[in-house]
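Here the structure is laid out as structure tokens; the discussion comes afterwards.
The values are calculated or read from the model by the stated rules, or taken from the named source; none is laboratory data. All figures in this text were calculated on a predicted structure; none of them were measured in a lab. Note that each Cβ is placed from the backbone with ideal geometry, even for glycine, and that neighbours are counted across all protein chains shown. Ligands, DNA and RNA are excluded from the accessible area calculation, which covers all protein heavy atoms including side chains. Shrake-Rupley method; radii C 1.70, N 1.55, O 1.52, S 1.80 Å.
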Amino acid sequence: MQQETQQETQQKVQKISILGATGSIGKSTIDVITRHPERFSVFALTANTNIELLLQQSLICSPEYVVIADPQLFQHAKKLFAEQKLSCEVLAGHEALLQVASAEDVDIVMAAIVGGAGLLPTLAAVNAGKKVLLANKESLVMSGELFIQAANQHHAQLLPIDSEHNAIFQCLPKDFKYGELCSSGISKILLTGSGGPFLNKPLSELHQVTPDQACAHPNWDMGRKISVDSATMMNKGLEFIEARWLFGLKACDIEVVLHPQSIIHSMVQYLDGSVLAQMGNPDMRTPIAHALAYPQRIESGVAPLDFKQLADFSFTEPESARYPNLDLAMQASNAGQYATTTLNAANEVAVDAFLSGQLGFMQIAQVNEECLQRTLNHNLGNIEAVLECDRRARSLSANIIDSLCRSNNRKVGS
Ligand code: NAD
Ligand code: MG
């Protein structure tokens, strides 16, 4: 009897590949799974370039494989891992990312690479029918319908990690059918956002904010790209598109509400007037733990909410003039796949240019808008077409940024 229980426990150990292990979501995932060694073991950890952190994480998690995405770092990584006598196999490059995302032994894939670079590895996990914990919202923004079709075709289980989508998922009825709000008794989805670090900054000062100011989010500790996206509210725009694909929503089904305290992570409003909200301290370990153990609940390390300490609990509407990227994303979502793929690519290039000091904060939206205006509607019927659209938008936005930089320099010089 005891043996049987032990066997049952052993069978429950789930092997996980963490794509983007060295990032903010990757680190939080490792924090949660190391609290539950009886449930999870690490199949693979991946990073772009940060070998040192990957090595430290491997000493803690003992993965079977590690992948360094940049192939030029392969020999260096191999040497460092051999010096530590780590038994894991060191792999490098794009193909290796796809392999550890889709390997037969893997049960769960945490898709936490940032940006468009996450699309193909995440899709590899989906095509292999894995349980996919989706943090990489950009992959859904870039390839929405194809992505959802692939998940259905290969019976992948998609679980949202984005705190808002995870909250919505938690508040939906158990028998919710994709896209069927009314027959599920739902009137609206309320997508909450904090408004970022510049919620109350005078509009006239926004053009001069620095990358460090933009990355200093008041509530969340995140990677630099998503932090800038939160400051411009492009993040909420990407999440609007993500929510449409994840739950089959129409644009009019979603209302964006500012909630600066980030305690409510989103809400579902029902026809009878009830509103279900998911709440918690702003810490990504909660949605990560929820998705890892779903449908069970496990401890995440997040402190419980103390309602007596919550001084304020407020809600407002986002201002268009402050957050032009939010409107652009909603327009792109209505225009179709070519537009959201283009916007995502333009935004990545523009955010990079802002972070490297080439572009002003408010110019991010300018680049995105011009890139969208200069891209004609075309059909993206397969992943090759998505990737081609992404490449073109990146090159177009780089050109737009070049001319903006020349005019920035002329202004400085004059
Ligand atoms: P991050 O910048 O902290 O980490 C990114 C990870 O991706 C790192 O491990 C990095 O090595 C890897 N990476 C970067 N470029 C790569 C490339 N070209 N090839 C392979 N790997 C590459 O980012 P993050 O904040 O952890 O965000 C990761 C994803 O999760 C993003 O899509 C983001 O939108 C989403 N997300 C993050 C949060 C959060 O709280 N951080 C919340 C919701 C959603
Ligand atoms: Mg979010």
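For the chain, a crude dipole built from +1 on the beta carbon of Lys and Arg and -1 on the beta carbon of Asp and Glu, taken about the Cα centre, is about 420 debye to the nearest 20.
The residues of region 336-414 have, on average, 49 Å² of accessible surface per residue, using a 1.4 Å probe with all protein chains present.
Farthest toward the positive end of the dipole of the chain, out of Val256, Asn409, Ile148, is the Cα of Asn409, where the dipole comes from beta carbon charges about the Cα centre.
Take region 2-160 with all the other protein chains still there, run a 1.4 Å probe, and you get 45 Å² of accessible area per residue. Under a 5 Å amide H cut-off, with hydrogens placed 1.01 Å from N, Lys15 pairs with Ser41, Asp107, Ile108 among residues at least 5 apart or on other chains.
If each DSSP helix of 4+ residues adds -39,500 (n - 2.57) and the sum is divided by the residues in the chain, what number results at 222 nm, nearest 500 deg cm²/dmol? Display every interim value, and only then the final one.
On the way: 16 runs with 196 residues, N = 414.
Taken over the chain, the calculation gives -15000 deg cm²/dmol.
Here's how it looks for Ser194: its modeled amide H is under 5 Å from those of His259, which are all 5 or more places away or on a different chain. Scanning the chain for DSSP H helices at least 30 Å long along the axis (C-alpha atoms) with a Kyte-Doolittle mean no lower than 1.0 picks out nothing. Taking every protein chain into account, the accessible area of region 239-314 amounts to 46 square angstrom per residue (probe 1.4 Å).
The accessible area of Asp312, taken with all protein chains in place and a 1.4 Å probe, comes to roughly 100 Å². Over 26 Å apart at the Cα level, from the set Lys131/Lys177; Lys131/Lys188; Lys27/Lys174; Lys250/Lys308, are Lys131/Lys188; Lys27/Lys174; Lys250/Lys308.
Could you give the size of the charge dipole of region 336-414 about its Cα centre, using +1 on the Cβ of each K and R and -1 on the Cβ of each D and E, expressed in debye and rounded to the nearest 20?
Numbers: 7 positive and 8 negative charges, 69 e Å.
Approximately 340 debye in magnitude.
Hey, any idea what % of region 187-238's accessible area is carbon plus sulfur with a 1.4 Å probe? Result for region 187-238: 50 percent of the exposed heavy-atom area is carbon or sulfur.
Each Lys and Arg contributes +1 and each Asp and Glu -1, all at the Cβ; summed about the Cα centre of region 34-166, the dipole is approximately 180 debye. Surface composition of region 336-414: carbon plus sulfur atoms hold 48% of the accessible area, using a 1.4 angstrom probe and ignoring ligands, DNA and RNA. With the full set of protein chains in place, find how many percent of the accessible area of region 2-160 is carbon and sulfur; take the probe as 1.4 Å. Reported share for carbon and sulfur atoms: 47 percent. With one equal scatterer per alpha carbon and no solvent term, the Debye-computed log10 I(q)/I(0) for region 2-160 at 0.09, 0.16 1/Å reads -0.28, -0.84.
Determine the sum of side-chain charges near Gly248: Lys and Arg each +1, Asp and Glu each -1, restricted to other residues whose C-beta is under 10 angstrom from that of Gly248. Write down the numbers at each step before the final one.
On the way: positive: Lys177, Arg244, Lys250; negative: Glu180, Asp253.
Summing Lys and Arg as +1 and Asp and Glu as -1 gives +1.
Per-residue Karplus couplings for region 178-194, computed as 6.51 cos²θ - 1.76 cosθ + 1.60 with θ equal to phi - 60°, are listed in order as 2, x, 9, 6, 4, 6, 8, x, 9, 9, 6, 10, 9, 8, 8, x, 7 Hz, Gly and Pro entered as x.
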